[in-house]
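Step one of this worksheet: look at the structure below.
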Amino acid sequence: DWTPDSFIETTVAELKEKIGEDRVILGLSGGVDSTVAAMLLHRAIGKNLTCIFVDNGLLRKNEFSDVLENYKELGLNVIGVDAGDLFLSRLAGIEDPEKKRKIIGATFVDVFDEESRKVKDAKWLGQGTIYPDVIESSSVNGPSQTIKSHHNVGGLPDYMKLKVVEPLRLLFKDEVRRVGKSLGLADKFLKRHPFPGPGLAIRILGEITKEKVRLLQEADHIYITMLQEEGLYDKVWQAGTILLPIKSVGVMGDERTYESVVALRAVESTDGMTADWCHLPYEFLAKVSNKIINNVRGINRVVYDISSKPPATIEWE
Ligand code: XMP
C-alpha cells in the first residue's frame with residue numbers, strides 16, 4: 001500500500017543510491033511541488049543540493065522575502081536572486097499575453113543558467129515534475145515558468161547538459177501534499193493557492209510598469225489577507241486580483257477622481273481545467289472593496305468576476 005512515509009523512505013534511499021556524492025541544482029518556485037522535491041533531495045544528499053529561487057519582480061507583495069525566509073527555515077541551501085528589474089525592463093511596452101509569457105520564460109532561463117554556473121561541478125538538475133505534467137501536453141495551461149517547458153527556447157543553456165532527477169514523477173498533487181505534510185511542511189506551503197509562473201504579468205492587462213505592479217500588489221495583498229482572516233482562503237481553490245487597462249471616474253471628498261479598476265477573482269476547481277466562480281459573501285466583498293479603495297491610492301473602483309471556466313479562463317490573459 002502506498003503511504004507517504006513508505007514513499008519518502010524508498011525515494012530517499014533511491015536518490016542516495018542514484019546521486020551518490022554528486023551535486024544537484026534545483027529551481028524553487030514557492031509552490032508545493034518544487035518545495036517537496038527539494039526536501040526529498042535535501043534528506044538524501046543534504047548540502048550537495050543547491051536551490052535557486054528567482055524574484056522576477058512579478059510575485060505577490062512580500063512573497064519573495066517571506067518564501068525565501070521559509071526555505072531557509074527548512075534548512076535548504078538556497079540562493080535568492082533578485083532579477084525583478086531585468087524582467088521588467090524586458091517586458092517594457094509588451095502588451096500581448098503570449099509574448100509576455102515567452103519573455104518571462106526566456107529571461108528565467110537566462111537567470112537560472114547564470115546562477116547555475118556558479119554551482120561548480122553540478123551533475124544533476126532536480127525538478128518538481130509531477131505525474132499530470134508528465135502525461136499532459138503542457139500547452140493546456142500555456143507555458144509554465146518551471147524549467148520543464150523551456151526546452152524549446154533556442155540555444156541549449158548549460159544546465160540542460162545536466163542529468164535530470166524528478167522524485168515526484170509518479171505522484172498526483174494530493175499525494176505530493178501528503179508527502180509534504182509527512183516531511184513536516186507547514187500549511188503555508190501545502191495550502192497555498194496555485195499561482196501562475198508569469199505571475200502578476202498576466203494579471204496586469206496590457207503594458208506592465210513597476211508602478212502598476214506595486215498598485216496590484218497592494219490591492220491583492222488586501223484581498224488575500226482578508227480571505228485568510230475571514231477563514232475563506234482554504235475554501236477557495238484560487239484567488240487573485242486583476243488590474244484592468246482602463247480608468248473610470250469616481251469621487252473622493254469634493255474631488256473628481258479618474259483612476260484604475262481592479263477585478264477580484266475567486267474560483268472553485270479540482271484541477272484548474274474547469275472552474276466555477278465562488279459565491280463569496282456580499283458582506284465580505286463589500287469590505288474588501290472598501291478597504292482597497294480607501295487604502296490604495298490610484299484605485300477607485302473594484303469589480304467581481306462572475307465568469308466560470310469554460311468559456312472564460314481563470315486568468316484574464
Ligand atoms: P487558465 O487561465 O488557463 O488557468 O484557466 C488555469 C490554471 O493555470 C494557471 N496558469 C498558468 N500557470 N504558467 C503557469 O505556470 C502560465 O502561463 C499559466 N497560465 C495560467 C492559472 O493560474 C490556473 O491555476
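Between ASP113, ASP66, which is farther than 30 Å from LYS16 by Cα, assigned to a helix (DSSP H, G or I) and assigned by TED's automatic domain parsing to the domain that holds ALA186?
Going through ASP113, ASP66 in turn, just one is farther than 30 Å from LYS16 by Cα, assigned to a helix (DSSP H, G or I) and assigned by TED's automatic domain parsing to the domain that holds ALA186: ASP66.
Within 17 Å of the chain's Cα centre (by Cα) and over 26 Å from THR225 (Cα atoms): which single residue out of GLY27, GLY80 fits that description?
GLY27
Within the range 177-184, does at least one residue satisfy the condition of being surrounded by 15 or more Cβ atoms within 10 Å (Cβ to Cβ), within 14 Å of PHE7 (Cα to Cα) and within 16 Å of the ligand (Cβ to nearest atom)?
Yes, the conditions are met somewhere in the range 177-184.
For ILE222, only one of the following conditions fails: (1) away from the ligand (no atom under 16 Å from the Cβ); (2) touching a residue at least 60 places away in the same chain (Cβ under 8 Å); (3) of a type in the set (A, V, I, L, M, F, W, C); (4) surrounded by fewer than 14 Cβ atoms within 10 Å (Cβ to Cβ). What is its number?
(4)
Could you look through the range 272-288, keep only residues that are among the hydrophobic types (A, V, I, L, M, F, W, C) and in a loop (DSSP other than H, G, I, E, B), and pick out the one that is nearest to the chain's Cα centre (by Cα)?
Across the range 272-288, the extreme among qualifying residues is MET273.
Surrounded by fewer than 20 Cβ atoms within 10 Å (Cβ to Cβ) and polar (S, T, N, Q), is that true of ASN77?
In short, yes.
Could you tell me how many of the residues in the range 293-316 are under 23 Å from the mean Cα position of the chain (by Cα) and under 14 Å from LEU215 (Cα atoms)?
0
Can you tell me which residue is farthest from VAL296 (Cα to Cα) among those in the range 239-271 that are charged (D, E, K, R) and either part of a strand (DSSP E or B) or within 16 Å of the ligand (Cβ to nearest atom) (or both)?
ASP271
Quick one: MET252 ticks every box in (1) surrounded by fewer than 19 Cβ atoms within 10 Å (Cβ to Cβ); (2) farther than 30 Å from PRO167 by Cα; (3) at pLDDT 95 or above except a single one, so which number is it?
Every condition holds for MET252 apart from (3).
Where the second residue is part of a helix (DSSP H, G or I) and at pLDDT 95 or above and the first is closer than 12 Å to ILE204 by Cβ and more than 13 Å from the ligand (Cβ to nearest atom) and lies in the range 89-107, which pairs have Cβ atoms under 8 Å and are six or more apart or on separate chains?
LEU91/LYS100; LEU91/ILE103; LEU91/ILE104; LEU91/ALA201; ILE94/LYS100; ILE94/ILE103
The values are calculated or read from the model by the stated rules, or taken from the named source; none is laboratory data. Here the structure is a predicted model, which is why all the values come from computation and not from measurement. So basically every Cβ, Gly included, is an ideal-geometry build from the backbone, and we count neighbours across all protein chains shown.
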